[in-house]
Amino acid sequence: MYEFTYHRPGSVADAVKLLADPDARAMSGGMTLIPTLKQRLARPTAVVDLSGIGELKGITVSGGTVKIGGMTTHATVASSADVAKAIPALAKLAAHIGDAQVRNRGTMGGSVANHDPAADYPGAVLALGATVHTNTRAIAADDFFNGMFSTALEPGEIVTAISFPVPEKAAYVKFPNPASRYAMVGVFVAKGPAGVRVAVTGAGANGVFRHAAMEAALAKNWSAAALDGVTTPVDDLNGDIHASKEYRAHLIGVMAKRAVAAAG
């Protein structure tokens, strides 16, 4: 680990000032940044720890929308009675992220901003048609993710909260890596204000993506059987030591059917 200056600001305004330094890095839960620093794969001059900013934490449900602060931990989302009542699929997703240590330290905003291609939350954000709020603007889910470990966030921009429209039906099912519990393939299906949406995580070479063919099939007939014969092209899928592109394409179909069945 290289030497850096550590900051723990108490407000978003103070954090933004510190992040004006192009070589400074924001840290939420640190699930990705800390290992990266330890391996000397990054060399920031300063680390800005967002964990002391109270305004970035919390959950509110109002007017058919669940709004979750960027620094809200996975464990808090998983144990929230409000989230479980409004969007049970989101609470269940959070409850199966990593292990207890990760869930109690990792945050929703950090996961979404990092856009690890195997992370779970991006699937929920995209399938539910959520809105990502930052210190400067609001970004629609369809405009937020633009590549592996890449998003629409500008340098120094902070995810302050994410708003999820409450769906009529929704479910998330994943095939986890047995060691890391990351999604080798995860499929989030939703039917609600944003229409029928299907988001796939863990499989795309460019990160999370919507499955247009599955959306079209489910819009006509919301049932697992409607996905019979719907395939996933392998060209833009990820193949690695854990699973080939072809196997991931197969898993997408299996996980999608299970998700639709779970959604009811």
message: Looking for something of a type in the set (Ser, Thr, Tyr), assigned to a loop (DSSP other than H, G, I, E, B) and without any contact (Cβ under 8 Å) to a residue 40 or more places away in the chain - is there at least one such residue anywhere in segment 35-42?
response: no
Apart from one, (1) in contact with a His (Cβ under 7 Å, 6 or more places away or on another chain); (2) over 18 Å from His115 (Cβ atoms) all hold for Thr151; the odd one out is (2)
Those residues of segment 185-203 that are at pLDDT below 95 and within 14 Å of the chain's Cα centre (by Cα) come to a total of 0
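Here is a yes/no grid of residues against (1) among the small types (Gly, Ala, Ser); (2) part of a strand (DSSP E or B); (3) crowded, with 24+ Cβ neighbours inside 10 Å:
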| position | (1), (2), (3) |
| --- | --- |
| Ile162 | no, yes, yes |
| Pro167 | no, no, yes |
| Ala171 | yes, yes, no |
| Lys174 | no, yes, yes |
| Ser180 | yes, no, no |
| Gly186 | yes, yes, yes |
| Ala190 | yes, yes, yes |
| Arg197 | no, yes, yes |
| Val200 | no, yes, yes |
The number of residues in segment 77-93 that are within 12 Å of Met108 (Cβ to Cβ), in a helix (DSSP H, G or I) and either among the hydroxyl-bearing types (Ser, Thr, Tyr) or in contact with a Lys or Arg (Cβ under 7 Å, 6 or more places away or on another chain) (or both) is 1
All conditions in (1) surrounded by 23 or more Cβ atoms within 10 Å (Cβ to Cβ); (2) among the small types (Gly, Ala, Ser); (3) touching a helix residue (DSSP H, G or I) at 6+ places or on another chain (Cβ under 9 Å) are true of Ala118 except (3)
Flagged in segment 50-85 as surrounded by fewer than 19 Cβ atoms within 10 Å (Cβ to Cβ), in contact with a Pro (Cβ under 9 Å, 6 or more places away or on another chain) and on the phi < 0 side of the Ramachandran plot, in numbering order, are Gly52, Thr65
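Which one of Ala140, Ala119 is within 14 Å of the chain's Cα centre (by Cα), hydrophobic (A, V, I, L, M, F, W, C) and under 11 Å from Gly207 (Cβ atoms)? Lay out the reasoning, then the answer.
Working: Ala140 fails: under 11 Å from Gly207 (Cβ atoms).
From the options Ala140, Ala119, the qualifying one is Ala119.
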Taking first residues from segment 142-159 that are on the phi < 0 side of the Ramachandran plot and at pLDDT below 95 and second residues anywhere that are part of a loop (DSSP other than H, G, I, E, B) and loosely packed, with under 12 Cβ neighbours inside 10 Å, the pairs with Cβ under 7 Å that are 6 or more apart or on different chains are Pro155/Pro22
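The values are calculated or read from the model by the stated rules, or taken from the named source; none is laboratory data. Every value quoted in this text rests on a predicted model; they were computed, and no experiment measured them. Backbone-built Cβ (ideal geometry, glycine too); neighbour counts: all protein chains shown.
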